[in-house]
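The values are calculated or read from the model by the stated rules, or taken from the named source; none is laboratory data. Note that this is a predicted model, so its numbers are computed, not measured. Here the Cβ positions follow ideal geometry from the backbone for every residue, glycine too, while neighbour counts run over all protein chains shown.
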Amino acid sequence: MPHPDIGSNGLIPISSNREHTRAILMKLQEKTSLILIFLLIISISVISIFVSVISLSSYLALEESYVSRDVALATHRIEDESRTLSAIVSDWAPWDDTYDFIGGTRPEYVESNLIPETYENLRLNLILIVNREGEIVYEGYYDLTSHTVVLIPESFHEHIRPGTPLMNLTDSRAGTEGILMTPKGPMLIASRPVVHTDFSGTPRGVVVMGRYLDAPEVERLSRLTDPSLQLIRVDDPGLPHDLLQELHNNGPGTGSAFRILSDAEAGGYALVKDIYGNDALILQILQFRDIYRQGVMTTLQYILIVLASGLFLGIAVLFILDRLVLSRIMDLSRQVSGIGTDSDVSRRVTIEGNDEFAGLAGTINQMLFTIETTQNGLLASESRFRELARLLPQVIFEMDTRGKLLYVNQAGTELFGITEEKIRQGLNVVEFMTPEEIERMKRGLATVLAGAKSSGEIYSLKKADGNLMRAIIHTSPVHRDGEISGFRGIVTDISDRVNLEEALTESQEYLQSLLWSVQVGIVVIDAKTHTIVDANPAALAMIGATKDQLVDRTCHKLICPAKPGECPVTDQGLVLDNSERSLLTRDGRSISIIKYVVPVMLQGRSCLLETFIDNTARRQIELELMESRERLSGILHASPVGVFEMDGEGSVIYVNERWVEMTGLSLDAMKGRRWTDILHPLDKDRVGKDVENRIRNRLVPRNEARIIRPDGTILWVYAQAVPLYDAEGGIRGYAGTITDITDRKRDEDAIQLANKKLNLMNNITRHDILNTITGLLGCVDMAKATNSVDERLELLNDIKDLTRVIQRQIAFTREYQEVGVHLPLWQNVNDVIARIRENFTSSGLTIIVDLENTEIYADPLLEKVFYNLVDNAIRYGEHITTISFFFQISDKGLSIICQDDGAGIPAESKARIFERGVGRNTGMGLFLTREILGITGITIEENGVYGLGARFEILIPRGTFRFVRGEKE
């Protein structure tokens, strides 16, 4: 039944189109309005929620940051107060007066220093001075209100026992500071060890000072930080029960927390621990929530502004959309409907503007143009097809079911001489085939007639010039009225391809003969199944198997040690390029090979081409080389001499451990430096010239020289080196050794010095004895000549005195001749003093030894030195009771000091006491002492204060003393 709106001409009236378009437009207006209103509501809601959440959370975070900042400020202020108190204690503890007071030698200390004004000025409630055993030497508990000093409460005693934090004596420069909870309330407290002002000496105890964190003190802190500051004990029942746990969760040490207490107030909290590490106080700061309330007001105002803006924007969008979009859609729809009504595709739609609708109109016009073009193109399709067939290089033909040709293109005419005339005469395709090819063609066409698809068959065809052409023929049936009326086909000349295939086959045979003759193992393995496809004779010989025993077998079971699924190439993705691997042989052995694996495509399947050579001999050489290197490394490590290597420029490029021990310089420290850089300045030019001269004369460089260690000590070494040659015979560097001859040099110097001293002493003694004998002979002559008994008696006494002088001189030479006779050696000072101590046990003298376990390099008569010092102190000290031996270290070396509490030595006599013949006895003791020490460069001087005792300082230069492990005396 026809549509009621269809007219007699079969077209829809224009008025009907307009009404339909208007109805569509009304629906679009309603939908657009509803969508815009819905989107407006959703947008305003999302913006309001987003702004509320973000803004209020930001204000809340800002509020929390302000409170947390104030809490941190208050916490830091308490820590500053604690450090300030510790600084005050550091002024009292490391003080010689305090040190002497604990030792009991300064009783006026309390009256001079610990007066009430001290407590007032320092705002202290507590001062304790405790010795090492925890005994109170001084205690003062000051009441800042009553201004009185009383004894400390009994509760403080438990905090000053040995082992408590306040009694920490492990580090003389460190101390304890923090909070101490007392029955009266929290107290800021600090303690430090009592040592000398220069932090020397063993700590004798501690100085403890404290200040109560009472209401006035907290009020003072609040003025410096926040007026609402409060310090609450952790056991205060008024605290929220979960606050302490929250503080622990917020930080491993001193945690902090923020809490909203009400709409008008928020609080910040921090945990304060005492000196024992226990929870002590909770620091509280309260603030009004002005920031958050302002944030709520600002957010509400913003939402109202967004709502008003959204309503105005929605109305404006609806108006603009109607004017700019919907009316243009109606116009475009009307024009398209008109074109569809009269079926005139040559007409075009028009719409003003340069927007999307104008673009849509252009697209519609393009579609209309395409439709018009397609109609015109269909008319020319047939002619273009025939022209294309004429230009193709392949032969296109059509024949009936009996083989009679119906059509051949230009290529068929050129190759086979087929013309339109011959086709009309009934030319058959069999005329271009051999008898064998004809039968095969019939079978192929029968297959196509049966419904199979032609896969293309290769035939030999006769060309117009009589030559044969190899070609592939594809055919397909031609259907007319539901029956096969003939065949269409394409003939492609493949003569060149066949020639290439024959050449490729010949090349493959040549390549196979070449690969099978090389002495490198070659194995082809299927990349998917890992079965062996082929192997050359060299590979079979290395594996020890025949080809039949390998082909079609899994490589993992025969030649590859890897397990199935763990192939280095296909499973692990490794690239085997001259890689060292293992090969399994037929008899189960594993031999080392150098393998190269390349993925290749062979006969249409993915394969792995593996080539390998036997690496057994090379592996053995590498093992022997490794053993040789390890042997050389062991020799260098255990060598008692330093070993080094230099390049051709003289820069050190290798040193062994003994070198580092001897010189104190590692290889990193020597990089970029020449070997002459570490020589002593006095030896650098001499040794450098000697080495250059020996190298020039092709002699082995060897010399004795001094090396300066980083610590400034001098090391004598004997060095020698041999040249190292490169492959061309040129010298690429030198390898050599250094031997420590420091002790030998010291011995030589000591012997030389001793001989010099002995020769000098012999000359002096001989001269003195001759002078004494001359005087003695003169007295004898005078005694003979006189007749006076008294004068003769006086001369005899003079003779006796002169004889005693000779006797003392001979006795001294007996002792002095031992100086330098034996080589110097390392001697433990504590052991030497312990031996001479036994000689004075009955003297009632107290000998105090405070020395490290030290050895010095000195003459074997070192014991005589300390004996003479003690004996000299007893002889001249008068009221001496104590002799102390202690040490000091300076830039010059180690000083061993012998100090007594005797009368001392006058300033005018200090320089003469070490001279020969000065003294009450023989006058040789201190002279001999100086001579013994001087053998190894050790000096001695007296620098005591007359009236306070003698003080002898023995200065031992660096390199002639060393500290050894072990307990000190």
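The set of residues from the range 83-132 being touching a Leu at 6+ places or on another chain (Cβ under 8 Å), among the charged types (D, E, K, R) and free of Cβ contacts under 8 Å to residues at least 40 places away in the same chain comprises just one member, E120.
Exactly one residue among A93, A61 is hydrophobic (A, V, I, L, M, F, W, C) and crowded, with 17+ Cβ neighbours inside 10 Å, and that residue is A93. Inspect the range 665-674 for any residue being without any contact (Cβ under 8 Å) to a residue 40 or more places away in the chain, surrounded by fewer than 10 Cβ atoms within 10 Å (Cβ to Cβ), more than 30 Å from T570 (Cβ to Cβ) and acidic (D, E) and give the result as yes or no. Yes: one or more hits. Scanning the range 575-602 for residues that are in contact with a Pro (Cβ under 7 Å, 6 or more places away or on another chain) and surrounded by 13 or more Cβ atoms within 10 Å (Cβ to Cβ) turns up L576, S582, L584. The residues on offer are A535, A527, A562, and the sole one that is out of contact with any Pro (no Cβ under 8 Å at 6 or more places or on another chain) and of a type in the set (G, A, S) is A535. It is to be established whether one or more residues within the range 55-72 are at pLDDT 80 or above, under 30 Å from R123 (Cα atoms), among the small types (G, A, S) and out of contact with any Pro (no Cβ under 9 Å at 6 or more places or on another chain). For the range 55-72, residues at pLDDT 80 or above, under 30 Å from R123 (Cα atoms), among the small types (G, A, S) and out of contact with any Pro (no Cβ under 9 Å at 6 or more places or on another chain): present.
F887 satisfies every condition listed in (1) assigned to a loop (DSSP other than H, G, I, E, B); (2) modelled with pLDDT of 85 or more except (1). Scanning the range 667-691 for residues that are of a type in the set (K, R), modelled with pLDDT under 80 and over 17 Å from E645 (Cα atoms) yields one hit, K684. With a requirement of 2 or more residues that are among the small types (G, A, S) and in contact with a Leu (Cβ under 9 Å, 6 or more places away or on another chain), the strands (runs of 3 or more DSSP E) lying completely within the range 589-674 that satisfy it span 590-602. Every test in (1) buried (at least 16 other Cβ atoms within 10 Å of the Cβ); (2) not in a helix (DSSP H, G or I) is passed by G426 save one, and that test is (1).
Scanning the range 515-571 for residues that are among the β-branched types (V, I, T), touching a residue at least 24 places away in the same chain (Cβ under 8 Å) and under 18 Å from Y596 (Cβ atoms) yields V520, I522, V523, V524, I525, I532, V533, I543, I559, V569, T570. Of the residues making up the range 431-454, those that are loosely packed, with under 15 Cβ neighbours inside 10 Å, in a helix (DSSP H, G or I) and of a type in the set (A, V, I, L, M, F, W, C) number 2.
Take T202 and tell me if it is of a type in the set (S, T, N, Q), more than 17 Å from K273 (Cβ to Cβ) and either assigned by TED's automatic domain parsing to the domain that holds D91 or surrounded by 13 or more Cβ atoms within 10 Å (Cβ to Cβ) (or both). Answer is yes for this residue. Being surrounded by fewer than 14 Cβ atoms within 10 Å (Cβ to Cβ) and within 30 Å of S346 (Cα to Cα): is that true of E387 here? Yes.
Among the residues of the range 603-619, those identified as buried (at least 18 other Cβ atoms within 10 Å of the Cβ) and among the polar types (S, T, N, Q) are T611, N615.
When each of D496, D526 is tested for being exposed (fewer than 11 other Cβ atoms within 10 Å of the Cβ) and among the acidic types (D, E), the lone residue that passes is D496. Take the conditions free of Cβ contacts under 8 Å to residues at least 24 places away in the same chain, over 30 Å from D801 (Cβ atoms), among the hydrophobic types (A, V, I, L, M, F, W, C) and not in a loop (DSSP other than H, G, I, E, B) and apply them to I856. Does it pass? For I856, the condition - free of Cβ contacts under 8 Å to residues at least 24 places away in the same chain, over 30 Å from D801 (Cβ atoms), among the hydrophobic types (A, V, I, L, M, F, W, C) and not in a loop (DSSP other than H, G, I, E, B) - is not met. Of all residues in the range 158-180, at least one satisfies being farther than 23 Å from W95 by Cα, within 47 Å of the chain's Cα centre (by Cα) and assigned to a strand (DSSP E or B). Return a yes/no flag: does the range 124-132 have any residue that is over 19 Å from T182 (Cα atoms) and surrounded by fewer than 16 Cβ atoms within 10 Å (Cβ to Cβ). So far as the range 124-132 goes, no, none of its residues is over 19 Å from T182 (Cα atoms) and surrounded by fewer than 16 Cβ atoms within 10 Å (Cβ to Cβ).
Checked against the criterion of being modelled with pLDDT of 80 or more, β-branched (V, I, T) and in the same structural domain as T929 (by TED's automatic domain parsing), the candidates V870, V780 yield just one match: V870.
All conditions but one from (1) surrounded by fewer than 21 Cβ atoms within 10 Å (Cβ to Cβ); (2) in contact with a helix residue (DSSP H, G or I) (Cβ under 7 Å, 6 or more places away or on another chain) apply to C898; the one that does not is (1).
Restricting the range 936-959 to residues that are on the phi < 0 side of the Ramachandran plot and in contact with a Pro (Cβ under 6 Å, 6 or more places away or on another chain), which is modelled with the highest pLDDT?
Once the filter is applied, the top-ranked residue is Y946.
Quick grid of which residues meet (1) in contact with a Gly (Cβ under 8 Å, 6 or more places away or on another chain); (2) in a helix (DSSP H, G or I); (3) touching a residue at least 60 places away in the same chain (Cβ under 8 Å):
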site: Y138; (1), (2), (3): no, no, no
site: Y142; (1), (2), (3): no, no, no
site: I152; (1), (2), (3): yes, no, no
site: S155; (1), (2), (3): no, yes, no
site: G201; (1), (2), (3): no, no, yes
site: V208; (1), (2), (3): no, no, yes
site: D226; (1), (2), (3): no, no, yes
site: D235; (1), (2), (3): no, no, no
site: L244; (1), (2), (3): no, yes, no
